[in-house]
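The values are calculated or read from the model by the stated rules, or taken from the named source; none is laboratory data. Model, not experiment: these values are computed from the prediction. No Cβ is skipped: glycine too gets one built from the backbone with ideal geometry, and neighbour counts run over all protein chains shown. For accessibility, only protein heavy atoms count, side chains too; no ligands or nucleic acids. Shrake-Rupley method; radii C 1.70, N 1.55, O 1.52, S 1.80 Å.
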Amino acid sequence: MADNGMKKKLPIGIDNFCKIRTEGFYYVDKTAMIRDLLNAWGEVNLFTRPRRFGKSLNMSMLKAFLEIGCDKSLFEGLEISKETQLCEKYMGQFPVISISLKTVHGNNFEFAKNELCTIIANEALRFRFLLDSDKLYDEDKSLYRQLIKVDESLKGTFVMAESTITSSLKTLSQLLEKYYGRKVIILIDEYDVPLAKANELKYYDEMIDLIRKMLDAALKSNQSLYFAVLTGCLRVAKESIFTGLNNPNILSITTVRFDEYFGFTDYEVKEMLGYYGLMDKYDAVRDWYDGYRFGKVDVYCPWDVISYCYELTGNPDASPKDYWSNTSGNDAVRQLIEKSGNEQTKSEIEALVAGETIAKEIHEDLTYNQIYDTIDNIWSVLFATGYLTQRGTADEDIYQLAIPNREIRKIFTRQITAYFNNMVRTNSKRFGEFCDALKTGDAEKTEKLLTSYLYDSITVRDSSVQKDKKEILYHGLMIGILANVDNWKAKTNADSGDGYCDVKVEIAKESIGMIIEFKYADNARLTEGCKDAVAQIERMDYTRELKLQGYHTIYKYGIACFKKKCKVVCEKENYVLEE
């Protein structure tokens, strides 16, 4: 058991750099990013990374370092402190405007616009000293008051005209330059969240017009700007939002520069596990949370690693689990699966889930109102948002894509299962025929309908697993079908006779029981596989429990499968329990 006495706390859900550094939380040092940014910055720098990879924490770090009034002790002992000349030139030398747009969403445009208004007003309130400054004219102070205006009739809600919102960041930066005599740094975290939410809730055109005008004023024609840093999940097409902006410095997941500053490297994960005495969990952490490739560096998802370490410090026997999907609706995966009507896309999804790679052309410039229009766009979204990652070296825009790790594979399989279950319920005619065939022992019809399910489904397979593991995939499919049947009790890996059968079905009302045993038929030897399955039912006496429970009709199904082909045999046994 790990000895966690007097250890630093793990920063669950904390993305405030100052709080982490002052309140005794564990910090993975990413301050070398400051050095690299200051040595090679553009006027507008956009970092795109999937969610939960440290974007907000890095923005908080930049603010803490650059802003006038900086607490220099926060950086003592960190990598950036070695850069004495850079620290002298930049540390605490700039007025900084820092906002996050991650909460700008609502059921309609007006609500979302009010959220944006509130965020800007709260940031402006940090600079209330502007009202008392003799460096600003009355006209300047009047402009500032427009940024913090409150409507008392609306319970103290901040209110701004739309023209005030669009000019707000530019106005605030001009006022700060007048006060400090220094140009301003603007930090905008999660710049694209309002666009994603607006697209989802059908007010995209209004929202993109508002955000475009605000960014245009703040970043294009703003003489008070020193430089700006933005973060987001997607690199929204320039013509969509950055119209007229001269050469923004785009730093995406394919960019080598800054590749190690978002996500944890293998070295950093080992350091954390070692610190908490959890090195015995390294293989599990790597299997579940590693596998993302940014630029030329393989990284882990920080949210997952921290969350699992936190759980382990309280319960050393805790198993890895999916933390990442709980922070999103996983819409991109669902959209891909729902649009997988053609065999090509279906086979590509199956290959990915099986641990293989597929080649796809990736478009990094996207517009939110078109991201789900085509399968090609969805592949690009999945890549940009971390559901898929690259393997090897890209050939121009052609990337070898793979599912990064076990956690993301689980997200895919969960969505596939949900899609399949919905498909079963939707085609009630086929579903009813399948159940009727199964409970009457009609092997030929059961085989025909099960084959149709296999062809229509996305098979969750893994070519590298052992034969018995492949069989589990097929009886999982069967359980997925039978779970939709009222008054049927279906169990997988059921305790039966002298072992555990694959599937046991009880239809108590009709006194019908079934034992279903699957075999994976290597080299398509389906007939032999069926015989082996039935023989196993007999040898292990799997029907014993059904007989003891008084079921009069018992069906023994042997089902052999090979990829999307199957063969079904059935033996019927009528049984009367002797008194």
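Quick look at the numbers
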read-out: Alpha carbon centroid spacing (whole Å) that separates the range 69-114 from the range 278-322; value: 28
read-out: Principal-axis tilt of helix 138-147 within the chain, Cα atoms, nearest 10 degrees; value: 10
read-out: Cα gyration tensor category, rounded, prolate or oblate, for the chain with a/c compared to 1.5; value: prolate
read-out: Approximate spin-label separation LYS155-THR374, in nm, with each point projected 7 Å along Cα-to-Cβ; value: 4.7
read-out: Using a Förster distance of 35 Å, the FRET efficiency for GLN223-THR393 (Cβ separation, nearest 0.05); value: 0.25
read-out: With every protein chain in place, the range 369-520: carbon and sulfur % of accessible area (1.4 Å); value: 45
read-out: Cα centroid separation - the range 220-259 against the range 132-202, whole Å; value: 21
read-out: Segment GLN344-MET6, extension gain: residue separation times 0.36 nm, minus the distance between their alpha carbons; value: 116.2 nm
read-out: Net charge of Cβ neighbours under 10 Å - reference GLU268; Lys, Arg +1; Asp, Glu -1; value: -2
read-out: At R0 = 51 Å, FRET efficiency that the Cβ-Cβ distance of ARG257 and ARG525 yields, to 0.05; value: 0.40
read-out: Cα gyration tensor, the range 319-395 - rounded (a/c under 1.5), prolate or oblate; value: rounded
read-out: Cα long-axis angle, helix 266-275 against the chain (0 to 90 degrees, to the nearest 10); value: 90
read-out: Rounded to 10°, Cα long-axis angle of helix 302-314 versus longest principal axis of the chain; value: 70
read-out: Proximal aspartates and glutamates to LYS89, defined as alpha-carbon separation beneath 17 angstrom and excluding residues fewer than eight positions away on the same chain; value: ASP36, GLU67, ASP71, GLU76, GLU79
read-out: Net length gained if the chain between TRP41 and THR426 were fully extended (0.36 nm per residue, minus Cα distance); value: 133.2 nm
read-out: Solvent-accessible area per residue for the chain (1.4 angstrom probe, square angstrom); value: 45
read-out: Backbone N within the range 187-231 under 17 Å of label point (7 Å from GLU162 Cα along the Cβ vector); value: 195, 198-199, 202-217
read-out: Gain on full stretching of the segment that runs from ASP498 to VAL297 - 0.36 nm per residue minus C-alpha separation; value: 67.3 nm
read-out: Global geometry of the range 244-358, whether rounded, prolate or oblate, following the gyration tensor of its Cα atoms and the 1.5 cut on a/c; value: oblate
read-out: Pair ASN315, GLU361: separation of 7 Å Cα→Cβ label points (nm); value: 4.9
read-out: For GLY24, net neighbour charge (Lys/Arg +1, Asp/Glu -1) across residues whose Cβ lies under 13 Å away; value: +4
read-out: Of LYS183/LYS213; LYS72/LYS141; LYS55/LYS296; LYS7/LYS30, those spanning more than 28 Å from alpha-carbon to alpha-carbon; value: LYS72/LYS141
read-out: Within the range 161-180, backbone nitrogen closer than 20 Å to the virtual label 7 Å beyond the Cα of TYR137 toward Cβ; value: 164, 167-180
read-out: Share of carbon and sulfur in the accessible heavy-atom surface of the range 1-93 [1.4 Å probe, %]; value: 45
read-out: Most to least packed among 14-22, 374-382 [average Cβ atoms within 10 Å]; value: 374-382, 14-22
read-out: Unsatisfied cross-links (Cα-Cα over 29 Å) in the set LYS410/LYS572; LYS491/LYS564; LYS281/LYS470; LYS429/LYS489; LYS491/LYS563; value: LYS410/LYS572
read-out: Environment charge of LYS445, counting only residues whose C-beta is closer than 10 Å and scoring Lys/Arg +1, Asp/Glu -1; value: -4
